[in-house]
Amino acid sequence: MSNLGLQAIYGFLNTREDSVCERVFWDKENSEKGALPLSVESQRPLADFAVLAFSLNYEIDFFNIVSILKASGIPHYSEQRDETQPLIIAGGPCTTANPLPVAPFFDCLCSGEAEALLPAILPVIGEGISGKRDDLLKELAKIPGIFVPRFPSAKPLVRQKMKNLDDYPVHSVVLTQDTELSDLYLVEVERGCAHNCRFCMVSSAFSPMRFHSLDSLVKQSENGLKFRKRIGLVGPAVTDHPQIEELFRSLLKMGSQISISSLRLTSLTPEIMHMLVQGGMRSVALAPEAGSERLRQTINKGISEAQILEAIRMTGNAGMQQLKLYFMIGLPGETDDDIQAIVDLALTGKKIIESKRGKTRLTLNIAPFVPKAGTAFQRLPMAPLDVLQNRIAVLKNRLSGQGIKINNESPQWSEVQAVLSRGDSRLAKALADIEKESLPDWRKAVENHQINTDFFAHQEWPPDFNLPWSIMEPSSR
């Protein structure tokens, strides 16, 4: 419920006269109990609905698709469904990048932003939902940005995007205490990214970078303060907004507390950091991504060590209680020296913090590089698991006892993510056979269906190899 994309779609559909939208959530407890999925609002089973729409934000979400459909008594393969079953569609970052691994489960998949797609989709569904399913699918296939696996187009699928974000202000619609960010009223600040990091999907799939106007953001925040004391500003690079300092000043003047989803190192100023602390923020996250300047240039991160250390200094000066630094390991071209550079940078940062005599705690978040469809690194492999495990061990050993906390993502699950990110429609059969979300079940399923996970996760693909997601428009990179 803290996903602002879900809230935006829910609000959009329920403000129209021709549609009503309810929510359903699936978790491990549902799965273990074999519970029937029911909508939150009316407690109806999913088979009662005309349309089921999945939001796929992360590749690991793929594991829940079949579980939800099986528990609802709905055939999980599109070819097995007819007019008596709901039309099943999906959208989100995963379908915008590479919809192939889950394509056999869906009647249609959406590529792009919901506000740009739904106005065209809804009238077609409204007119055709009571007729023959194939006729409806053929009409949906004519809509730009819609991929219908049963009737694929010969033309590349063009991602649909909003030109003017102020046409559709995006903010919290449902407020509840039973969610992760329960004390925040969320407001979208911007979409896309202009920095073109070579590993990142945002700038290739969701660019150009676009901003909500200052007037719109202030107005939405004023309304949000009727319900919550804290305004949560959301976007891939919130502090890149050209009027971010004016926005912070307006929020503080209104008596608002402030929280932001992302801080870009190069856009930080002492004034911004001071206003964040004044607005109640006690923790800040920065993403150097790589320890050495050489490797940061390789990935096109575009920040120097001096800028990183100055940002750490600003954090200490402002009195932040916690600083998180995000790094990736296993990046293309990485060497042992680059891992030592992470250690050196962390230790230097710790000394800077200690010199301020504050109480700032330093945490490193370590994640393996995972190649993503549509990025500049889409043809490159992720590092072998033993290399990644060794990298993590080195970091933990060399930073042990230094007062620096280290969190790391599982290399094994990162490998699963890589397979699903670069996979094709053959993976659907494996996903359909998985009883529960576990590594043993995953490995058994891919082995049974003779899927070469090494090919998808750990092999470099030559320039003439036809990518599984070649149905998509060419990347802007």
Among (1) within 27 Å of the chain's Cα centre (by Cα); (2) in a loop (DSSP other than H, G, I, E, B), where does Ile88 come up short?
-> (2)
So how many residues does the range 321-348 have that are crowded, with 20+ Cβ neighbours inside 10 Å and modelled with pLDDT under 95?
-> 1
Test: residue in the range 55-72 that is under 26 Å from the mean Cα position of the chain (by Cα), crowded, with 19+ Cβ neighbours inside 10 Å and under 15 Å from Val148 (Cβ atoms) | no
Would a scan of the range 160-169 turn up a residue that is closer than 24 Å to Phe456 by Cα and either out of contact with any Ser or Thr (no Cβ under 6 Å at 6 or more places or on another chain) or crowded, with 22+ Cβ neighbours inside 10 Å (or both)?
-> no
Single residue of Ile74, Ile65, Ile9 found to be without any contact (Cβ under 8 Å) to a residue 40 or more places away in the chain, of a type in the set (Val, Ile, Thr) and either in the same structural domain as Arg133 (by TED's automatic domain parsing) or out of contact with any helix residue (DSSP H, G or I) (no Cβ under 6 Å at 6 or more places or on another chain) (or both) | Ile74
The one condition in (1) surrounded by fewer than 20 Cβ atoms within 10 Å (Cβ to Cβ); (2) touching a His at 6+ places or on another chain (Cβ under 6 Å) that Arg426 fails to fulfil = (2)
Residue set Ala154, Ala103; condition at pLDDT below 95 and out of contact with any strand residue (DSSP E or B) (no Cβ under 6 Å at 6 or more places or on another chain); output residue Ala154
So which residues in the range 266-288 are out of contact with any helix residue (DSSP H, G or I) (no Cβ under 8 Å at 6 or more places or on another chain) and in a loop (DSSP other than H, G, I, E, B)?
-> Gly280, Met281, Arg282
Flagged in the range 199-209 as touching a helix residue (DSSP H, G or I) at 6+ places or on another chain (Cβ under 8 Å) and either surrounded by 19 or more Cβ atoms within 10 Å (Cβ to Cβ) or closer than 20 Å to Ile231 by Cα (or both), in numbering order, are Met201, Ala205, Phe206
From the residues in the range 217-240 that are surrounded by 19 or more Cβ atoms within 10 Å (Cβ to Cβ) and touching a Pro at 6+ places or on another chain (Cβ under 9 Å), which one is farthest from Ala373 (Cα to Cα)?
-> Gln220
Take the range 1-44 and flag every residue that is basic (Lys, Arg) and either touching a strand residue (DSSP E or B) at 6+ places or on another chain (Cβ under 8 Å) or in a helix (DSSP H, G or I) (or both).
-> Lys28, Lys33, Arg44
Does the range 465-472 contain at least one residue that is more than 30 Å from Gly333 (Cα to Cα), not assigned by TED's automatic domain parsing to the domain that holds Val202 and not in a loop (DSSP other than H, G, I, E, B)?
-> no
Filter result (of a type in the set (A, V, I, L, M, F, W, C) and surrounded by fewer than 18 Cβ atoms within 10 Å (Cβ to Cβ)) within the range 241-271 = Leu252, Met254
Are there any pairs with C-beta distances below 9 angstrom linking a residue in the range 245-263 that is touching a residue at least 60 places away in the same chain (Cβ under 8 Å) to a residue that is acidic (Asp, Glu) and surrounded by fewer than 21 Cβ atoms within 10 Å (Cβ to Cβ), with the two at least 6 apart or on different chains, and if so which?
-> Ser259/Asp183
Tell me which residues, restricted to the range 272-288, are of a type in the set (Val, Ile, Thr) and either surrounded by fewer than 19 Cβ atoms within 10 Å (Cβ to Cβ) or over 25 Å from the mean Cα position of the chain (by Cα) (or both).
-> Ile272, Val277
Residue within the range 289-299 that is assigned to a helix (DSSP H, G or I), of a type in the set (Gly, Ala, Ser), in contact (Cβ under 8 Å) with a residue 40 or more places away in the chain and buried (at least 20 other Cβ atoms within 10 Å of the Cβ) present | no
How about the range 124-146: which of its residues are in contact (Cβ under 8 Å) with a residue 24 or more places away in the chain and assigned to a helix (DSSP H, G or I)?
-> Ile125, Gly126, Arg133, Leu136, Leu137, Leu140
Lone qualifier among Asn407, Asn466, Asn397 - being touching a strand residue (DSSP E or B) at 6+ places or on another chain (Cβ under 6 Å), without any contact (Cβ under 8 Å) to a residue 60 or more places away in the chain and surrounded by fewer than 19 Cβ atoms within 10 Å (Cβ to Cβ) = Asn407
Filtered residues of the range 433-451 (kept if surrounded by 12 or more Cβ atoms within 10 Å (Cβ to Cβ) and part of a helix (DSSP H, G or I)) | Asp433, Leu439, Asp441, Trp442, Arg443, Lys444, Ala445, Val446
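The values are calculated or read from the model by the stated rules, or taken from the named source; none is laboratory data. Just so it is clear, the model here is predicted, and its values are computed rather than measured. Neighbour counts are summed over all protein chains in view; Cβ atoms, including those assigned to glycine, are modelled from backbone coordinates with ideal geometry.
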